[in-house]
Amino acid sequence: MWLPCGCTSKYVASSFARRTLASYLHVSGRSRCNVAAFMPEAAGLEGVSGRAALRELSVSNSESFWAAVARHRLCWSTPFHTVQDCDLSRGKIKWFEGGKLNVSVNCLDRHVHTCPERVALIWERDERGSEMKYTYGELLEMTCRLGNLLRRHSVKRGDCVTIYMPTCPLAVASMLACARIGAAHNVVFAGFSADALAERIRDAQSSTVITVNQGVRGGKVTELKKTVDTAVQSCPTVKQVFVAMRTDNPVTMTARDIAMEEEMLKEDVVCEPAVMNSEDVLFLLYTSGSTGKPKGLVHTQAGYLLYAALTHRYVFSYHDGDVFGCVADIGWITGHSYVVYGPLANGATTVLFESTPIYPDPGRYWDMVERLKINQFYGAPTAIRLLLKYGDQWVNKYDRSTLKTLGSVGEPINTEAWEWYHRVVGDGRCPVVDTWWQTETGGICIAPRPSDPDAEIVPGMAMRPFFGINPVLMDTEGEVLTSNNTSGALCMAQPWPGMARTIHNNHQRFIDTYFQPYPGYFFTGDGAYRSEEGYYQITGRLDDVINVSGHRIGTAEIEDVVNQCPAVAESAVVGYTHSIKGQGVYAFVVLKKGIDVQEADLSRQLNGMVSEKIAKYASPDFIQFAKRLPKTRSGKIMRRVLRKVVESDLEGLGDLSTLDDPAAVQEIIQGHEKLLSKNRS
Ligand code: 6R9
């Protein structure tokens, strides 16, 4: 029997837990084979003799695999009767139907029953050296008080609560409190502007928002409550805003606002968990697509939690008692799956990182690794590239001997950054796992581990599909590429429990985006290369989505904002290779006829607009004013050509025969050169 923290359960307090414990026992008497040594959840599977065979079975007989794992890994109050009911051609995905459970019970109560004093969260606050620890017992108490508070304020099962908070314990408790009472959460990254927040609140139809008075990051204070005040002015659905105090500075409270900590103290520390169906909504999370409108991807209870927990355990080789340090913000899927749900489902100690990699100096991460004794460190290539430039001394200053695994996520990691991460940060001892996945996939799909402990890891390659993941590459005709040493569009041929179920309020867009391009397959939007050995390497997006410092942004979203400027006739935004951010934002702007403005002033204005309407990271690094854009005869902007121009790859412009007016390209090239030389001087 798998127990989350190595202790034996002495007593079980609630009937809910008693029932769930019984479901563990349900499988414990089965026959064992040596698979149990590396994956106890799979011990009951007949005829599986090793890791490779298990991987094979997880795809060829995925129902048996996921059924066994789901029974072992999760606490159910009612067992599921149907493992899966999926039809990718219709975008229908259902897992573990008939099963009932509560995600917060799985993340908290079962660990409290066995090890109440185990530390659940270490909050690495922005102020260095002021970390705070919260045990599982304390986190459960916080969650229960908050759950009761939300219930008292009429938040019901099925409602959606928007959370606009920095990474902090109360944000985690807010997510879990929603899960406890059966409400969905919609965490919005606290770097998003009031307009972006408002759009997400409206789309999610939230009547409740949870925020903090102020955020603190990199020594700077941000006025999060004020941003919420501005946002809710255009959100008629919002009835109440809970405000927690991150700093001591008071903020103006209106009749709509509720002082969160004060009210929590009045609540009971016991909160009856809602009994949820496997396919009830757990959360929405907005992400960028290739249109101007962000999409609210929907994840459900059991499948998501199971997949987050299993990947957390096996990709990072997490073991009982380890301190897991994922430095992502909770506003992104990485924060959801590997700061909150995966680690907590596994009874881990998880780090909440509130700061930046260079605050107060570029040794911040490694100082934290030493102080908190972090065993697995999971970060983004953009931060690694930035730190690499500051030199090895910032790493070597600190003791990193606790580190066992290093992870990378969010964008391709270039070989130089990978090597530095491996050689300097990990002293050449720790496997580096380049993990490929998406908001849509719920958890890691391709990563070098799990595999045999001495199996090779190729720098900069995600390499091996996880259990139950069946990737395929498609050619331009929509045919599956069967050979190796080939590139194509990355699709998944089989459903898995962690995948998103729909786009909130827009199932048709879900089908059109992910299932219609290659009928019967899930299309990831990424391109990939499969090596001679069969390893996967992600080559980048195939659509108009760019990736700035690991943040996904649709070029159309930026164009929408730029086009709102009265002086602008039209614009085209493309990504270009940036040495630290991975990709930078390059905007081509055509002004309306007769407009007489200083380009520098207008550039400043456009940058300000993008920061205000979306977020700072989306603001263009370069704005090139042009008389016209290269278009096809049917009037489509030839972005492919613009991308080549900004990469200075004039040899690679490709077929220009469909261009309406080839002279437009020459103008664009000259304008680009002028902008570059101005920037150099
Ligand atoms: C988890 C996350 C998803 C997009 C994805 C891809 C890129 C993520 C990557 C990677 C190369 C990796 N991406 N991990 N590209 N190698 N290891 O980042 O989710 O914000 O939804 O972004 O990020 O392009 O499609 P999300």
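Below, the figures for the structure above:
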quantity	calculated
Residues of segment 661-676 satisfying the condition of being more than 38 Å from the chain's Cα centre (by Cα) and surrounded by 15 or more Cβ atoms within 10 Å (Cβ to Cβ)	A664, E667
Residue satisfying all of: in segment 338-389; among the charged types (D, E, K, R) and in contact (Cβ under 8 Å) with a residue 60 or more places away in the chain; nearest to A309 (Cα to Cα) among these	E354
Filter result (outside any helix (DSSP H, G or I) and over 23 Å from the mean Cα position of the chain (by Cα)) within segment 209-231	N213, Q214, G219, K220, V221, E223
Any chance V585 is under 30 Å from G407 (Cβ atoms), surrounded by 23 or more Cβ atoms within 10 Å (Cβ to Cβ) and either of a type in the set (D, E, K, R) or out of contact with any helix residue (DSSP H, G or I) (no Cβ under 6 Å at 6 or more places or on another chain) (or both)	yes
Condition broken by L386, with the remaining ones in (1) near the ligand (Cβ under 10 Å from one of its atoms); (2) at negative phi satisfied	(1)
Residue, nearest to R628 (Cα to Cα), within segment 567-579, restricted to residues that are open to solvent by 40 Å² or more (accessible area, probe 1.4 Å) and within 16 Å of the ligand (Cβ to nearest atom)	T577
Residues of segment 406-416 satisfying the condition of being at pLDDT below 95 and either over 17 Å from the mean Cα position of the chain (by Cα) or more than 16 Å from the ligand (Cβ to nearest atom) (or both)	N414, T415, E416
Filter pass, R501 being over 21 Å from the mean Cα position of the chain (by Cα) and basic (K, R)	no
Selected residue (only one of G671, G594 is out of contact with any strand residue (DSSP E or B) (no Cβ under 7 Å at 6 or more places or on another chain) and farther than 27 Å from P412 by Cα)	G594
Residue in segment 448-463 that is over 20 Å from the mean Cα position of the chain (by Cα) and under 26 Å from V281 (Cα atoms) present	no
Residue selected from segment 517-566 under the condition touching a Cys at 6+ places or on another chain (Cβ under 7 Å) and away from the ligand (no atom under 14 Å from the Cβ), by the criterion least open to solvent (accessible area, probe 1.4 Å)	Y518
Pairs, first surrounded by 15 or more Cβ atoms within 10 Å (Cβ to Cβ) in segment 86-104, second at pLDDT below 95 and of a type in the set (V, I, T), C-beta under 9 Å, six or more apart	L101/T20
Selection status of F622, of a type in the set (F, W, Y), within 32 Å of the chain's Cα centre (by Cα), open to solvent by 20 Å² or more (accessible area, probe 1.4 Å) and not assigned by the TED database to the domain that holds T227	yes
Top-ranked residue of segment 463-476 - restricted to ones that are touching a residue at least 60 places away in the same chain (Cβ under 8 Å) and either outside any loop (DSSP other than H, G, I, E, B) or open to solvent by less than 10 Å² (accessible area, probe 1.4 Å) (or both), ranked as farthest from V369 (Cα to Cα)	P471
Qualifying residue in segment 524-531 (condition: β-branched (V, I, T), assigned by the TED database to the domain that holds A309 and more than 19 Å from T482 (Cα to Cα))	no
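Rundown of residues vs (1) crowded, with 22+ Cβ neighbours inside 10 Å; (2) within 15 Å of the ligand (Cβ to nearest atom), yes/no style:
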{"residue": "I374", "(1), (2)": "yes, no"}
{"residue": "Q393", "(1), (2)": "no, no"}
{"residue": "V425", "(1), (2)": "yes, no"}
{"residue": "G428", "(1), (2)": "no, no"}
{"residue": "W436", "(1), (2)": "yes, yes"}
{"residue": "T439", "(1), (2)": "no, yes"}
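To keep it simple, each residue is scored yes or no on (1) in a helix (DSSP H, G or I); (2) in the same structural domain as F316 (by the TED database); (3) over 28 Å from L54 (Cα atoms); (4) at pLDDT 95 or above.
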{"site": "W418", "(1), (2), (3), (4)": "yes, no, yes, yes"}
{"site": "Y421", "(1), (2), (3), (4)": "yes, no, yes, yes"}
{"site": "D427", "(1), (2), (3), (4)": "no, no, yes, yes"}
{"site": "C430", "(1), (2), (3), (4)": "no, no, no, yes"}
{"site": "P450", "(1), (2), (3), (4)": "no, yes, no, yes"}
{"site": "E456", "(1), (2), (3), (4)": "no, yes, no, yes"}
{"site": "M461", "(1), (2), (3), (4)": "no, yes, no, yes"}
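The values are calculated or read from the model by the stated rules, or taken from the named source; none is laboratory data. Owing to the predicted nature of the structure, the values given are computational and were not obtained by experimental measurement. Every residue, glycine as well, gets a Cβ built from its backbone with ideal geometry; the counts of neighbours run over all protein chains shown. These accessible areas exclude ligands, DNA and RNA; they are computed on the full protein's heavy atoms, side chains included. Shrake-Rupley method; radii C 1.70, N 1.55, O 1.52, S 1.80 Å.
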